Structure formats: structure tokens, C-alpha cells
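Engineer: After the C-alpha cells below, expect a handful of questions from me.
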Amino acid sequence: NKVKNMSNEEISVELIKIKGIGQWTVDMFLMFTLNRPDVMPYSDLGIRKGMKILFNLSKLPTKSEMETLSKKWKPYRTVASWYLWKVTDDS
């Protein structure tokens, strides 16, 4: 139950130490294994494309732009991610 009490950031720092594990893998683990409600996978191409469509951007957003745009969805950015993937699938 140690993991259950750790923050998303603490889990990320520990998992990134494992060879072959990157931030995208950590984000998917947080979202789909630990069911964390507030994960925004900034490196996911589908999420970037979804934000481009949703916000009518001329190009894919940077991580910094995504952080700013997703603040209003806190603490439910995982749910927002599901919708962003759906927006991309439907386009």
C-alpha cells in the first residue's frame, strides 16, 4: 500500500529509474492501473491532437501550453484525457 500513499510525482520519479520506463508509461500506469483522477499525459500524441482540435490551435500545443490549457480541468484531467482521445478518434 506504499504506492497508494505516494503522489503522482513521487511514483513518476521512482518508475522513471527503471530502464525502459518513460513518462508516457508512467502516465498510463497512473491512469489505468492506479485509477488516479488527475493525470494529463503531456507526451501523448492523441492528447496533443485532441487539444489542437478542441482549442482550434494552428499547431500541436507544447507541454507548457497544455499545462496552461488543462488547469481548468484539475482535479479531473484523467477524464478530460479520455474525452481528448475521443475527439481525436472522431476527427
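The values are calculated or read from the model by the stated rules, or taken from the named source; none is laboratory data. Note that the structure is predicted; figures quoted are calculated from it, not measured. When we count neighbours, we look across all protein chains shown, and the Cβ atoms used for this are built from the backbone with ideal geometry, even at glycine. We work out accessible area using only protein heavy atoms, side chains counted, and drop any ligands, DNA or RNA first. Shrake-Rupley method; radii C 1.70, N 1.55, O 1.52, S 1.80 Å.
Engineer: Can you name the residue in region 23-34 that is without any contact (Cβ under 8 Å) to a residue 12 or more places away in the chain and closer than 22 Å to Thr88 by Cβ and is also surrounded by the most Cβ atoms within 10 Å (Cβ to Cβ) among such residues?
Structural biologist: Selected residue: Thr25.
Engineer: Could you tell me which residue of region 35-47 is nearest to Ser91 (Cα to Cα), considering only residues that are of a type in the set (D, E, K, R) and under 10 Å from the mean Cα position of the chain (by Cα)?
Structural biologist: Asp44
Engineer: Here is a list: Asp89, Asp38. Which entry is of a type in the set (D, E, K, R) and exposed (fewer than 12 other Cβ atoms within 10 Å of the Cβ)?
Structural biologist: Being of a type in the set (D, E, K, R) and exposed (fewer than 12 other Cβ atoms within 10 Å of the Cβ) holds for just one of Asp89, Asp38, which is Asp89.
Engineer: Still on this structure: Residue by residue through region 33-47, note down the ones that are in contact with a Ser or Thr (Cβ under 9 Å, 6 or more places away or on another chain) and either among the hydroxyl-bearing types (Ser, Thr, Tyr) or part of a helix (DSSP H, G or I) (or both).
Structural biologist: Hits for region 33-47 are Tyr42, Leu45, Gly46, Ile47.
Engineer: Right, here's the next one. Given the residues Ser12, Ser64, Ser70, which is the only one that is in a helix (DSSP H, G or I), open to solvent by less than 60 Å² (accessible area, probe 1.4 Å), more than 23 Å from Asp89 (Cα to Cα) and not basic (Lys, Arg)?
Structural biologist: Testing whether each residue is in a helix (DSSP H, G or I), open to solvent by less than 60 Å² (accessible area, probe 1.4 Å), more than 23 Å from Asp89 (Cα to Cα) and not basic (Lys, Arg) leaves just Ser12.
Engineer: Still on this structure, please answer the following. Does Tyr76 count as at pLDDT 95 or above, open to solvent by 30 Å² or more (accessible area, probe 1.4 Å), among the hydroxyl-bearing types (Ser, Thr, Tyr) and in contact with a Pro (Cβ under 6 Å, 6 or more places away or on another chain)?
Structural biologist: Yes, satisfied.
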